[in-house]
Amino acid sequence: PTNNPLALPNPEFGYVPTLQDQEEEMRRRSLPMPSLEELLTIIVTTSPIKSNPSTELLERVFDTFRNGGYDFAFKCRKIIICDGCRQRDDNTTQKYSNIKQA
């Protein structure tokens, strides 16, 4: 084994990069690192409760984003996914009923 990052791996083990592949990899590594806001989209999922449609839980979650720094809290894209409330009817089985939502 060698510590040279450009050394060719064992051809019997798998992929063997060409000189062009190695040059492209070195070029790619020399580019500036993209910003966090370009790399990250934050996805928050929630299940609203019919009897208490408060946004307090979401507000608390978003407040914790400040712990990740300014870019994380204020610059990264955010998506909120809501799965909706179940409607209780005669066809709702016990498995899917939830007394707290009634």
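The values are calculated or read from the model by the stated rules, or taken from the named source; none is laboratory data. Keep in mind that what you see is a predicted model, and the values were worked out from it rather than measured. Positions of Cβ are backbone-derived with ideal geometry, glycine not excepted, and every protein chain shown enters the neighbour counts.
For the subset of region 61-96 comprising residues that are loosely packed, with under 10 Cβ neighbours inside 10 Å and among the charged types (D, E, K, R), which member is modelled with the highest pLDDT?
Once the filter is applied, the top-ranked residue is D83.
If you take the residues in region 27-60 that are over 24 Å from the mean Cα position of the chain (by Cα) and surrounded by 11 or more Cβ atoms within 10 Å (Cβ to Cβ), which one is modelled with the lowest pLDDT?
Checked region 27-60; the qualifying residue modelled with the lowest pLDDT is K50.
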